[in-house]
Amino acid sequence: MPVKINNFMGKFGWNARKYFPNLASNAYLKLQFITRSRSQKKYVDYFMNSPEIPQPNVVNIETVNRCNSTCAFCTANIHAEKRPYMEIPEELYHSIIDQLSDWGYKGHLTLYGNNEPWLDKRIVEFHKYAREKLPESFIFMSTNGLLLNLERLNAIKPYINQLIINNYANEMKLHPNLEKLVAYVKEHPDEYADLDIQIQMRYLQEVLTNRAGSAPNKAATEKVIRETCLLPFTDMWIMPNGKMGLCCCDNFEVTDMADLTKVSLKEGWASPKFMEIRKKIAEGRQEYPFCKHCDFIDAGFRMQIVNAILAGDQDAAHHLGGEEKNKLRRK
């Protein structure tokens, strides 16, 4: 499968994000809330009223809580990072993957959170173990690509379905190492026929969402956000310390739905504490303090997953990828 280079709304979108950052962010979010809210509410109702608590659609495991980029919108950037350094213990990681396997999990998996996965020297072996234990799962890697080279690309290739490279830069051009990779992949397409490679052109200083007030370049709005949110219902968010957090907006690792060193994965996902918080968020973000002023909304492949589930096509939801996930541009 040839590599694809995506840039949301092309040159116009890039310039809007660069020269009118707050206007571009607010306009984008307003559009997404208008167009996505109804489907999100339907899925939340489906989740809360299911006889058995549905499995997560995406399992996110952050194996190391560090990044090597300077993205202005993220607290994991090297100038804003405040978290104590942590790597997930290998025994805990293996236990989590084993439990997913025993659970019959076939959904999406990424060994990524608010970090750069290639900073973990174990990342290839971790993916290999996940692929062996979860052969039917859709495994994708999201990376800023700064550490990516041909050797690493070929090492990870057998174990993932999709590679998402976020090319964060101040100018709308690829980093030199990625230019070389793109050239090689295009010259040897047969070697990458089974891997979907998506490169997203991202503005390094972009203003995105306030991430529950944690974004360095966008303060939490004073406005109360009354819409619900998909993430507590679609995503299992696992931090290196073994805590199951609420979502990716918990950049400071303050939410704690369960401690996976003490309870099982399924127990954590269905814990009374987590379900009570979901009940509040289902009624609107204003019901839960952490989410009250958060303007994050996922407009990517999660919407396609939940729409497939609501349409009764669970198998399609498990295996959405490739062309169906070209909209994954603005995490």
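Some observations on this one:
- With contacts taken as Cα pairs under 8 Å and at least 6 residues apart, the chain reaches a relative contact order of 24 percent.
- When the chymotrypsin sites (Phe, Trp or Tyr not before Pro) in the range 31-91 are filtered for DSSP coil states and for at most 13 other beta-carbon atoms within 10 Å of their beta-carbon, the remaining sites are 85.
- Accessible area (Å², per residue) of the chain, counting only protein heavy atoms and a probe of 1.4 Å: 43
- Measuring between alpha carbons in the structure, the pairs from 11/186; 106/173; 42/266 lying more than 25 angstrom apart are 106/173.
- Gyration tensor (alpha-carbon) shape descriptor, the chain, a/c threshold 1.5: rounded
- Relative contact order %, the range 110-224, counting alpha carbon pairs below 8 Å whose residues are six or more apart: 22
- In the range 1-143, the portion of solvent-accessible area held by carbon and sulfur atoms comes to 57 percent [1.4 Å probe, whole percent, DNA, RNA and ligands not counted].
- Restricting the range 1-90 to GluC sites (Glu not before Pro) that sit in a DSSP loop and have at most 14 other Cβ atoms within 10 Å of their own Cβ leaves 52.
- Note that the range 219-234 has calculated 3J(HN,Hα) couplings of 6, 4, 5, 6, 5, 7, 8, 9, 6, 6, 9, 6, 4, x, 9, 10 Hz, one per residue in order, obtained from phi through the Karplus relation 6.51 cos²θ - 1.76 cosθ + 1.60 (θ = phi - 60°); glycine and proline are x.
- Selected from 184, 93, 112 as most flexible by GNM, with the chain as the system and alpha-carbon contacts under 10 Å: 184
- Loop trypsin sites (Lys or Arg not before Pro), the range 227-314, which have at most 15 other Cβ atoms in a 10 Å radius of their Cβ (DSSP): 262
- Most fluctuating residue given options 59, 306, 185, as computed from a GNM of the chain linking Cα atoms under 10 Å: 185
- Global geometry of the range 114-215, whether rounded, prolate or oblate, following the gyration tensor of its Cα atoms and the 1.5 cut on a/c: oblate
- Beta bridges per DSSP with both ends in the range 36-172, % antiparallel, nearest 5: 10
- Shape class of the range 158-291 from the alpha-carbon gyration tensor: oblate, with a/c at 1.5 or above and b/c at least as large as a/b.
The values are calculated or read from the model by the stated rules, or taken from the named source; none is laboratory data. The shown structure was predicted, so the numbers you read here are calculated from the model rather than taken from an experiment. Don't worry about glycine lacking a Cβ; one is built from the backbone with ideal geometry, like all the others, and counts go over all protein chains shown. Side chains are part of the model used for accessible areas, which takes the heavy atoms of the whole protein and leaves out ligands, DNA and RNA. Shrake-Rupley method; radii C 1.70, N 1.55, O 1.52, S 1.80 Å.
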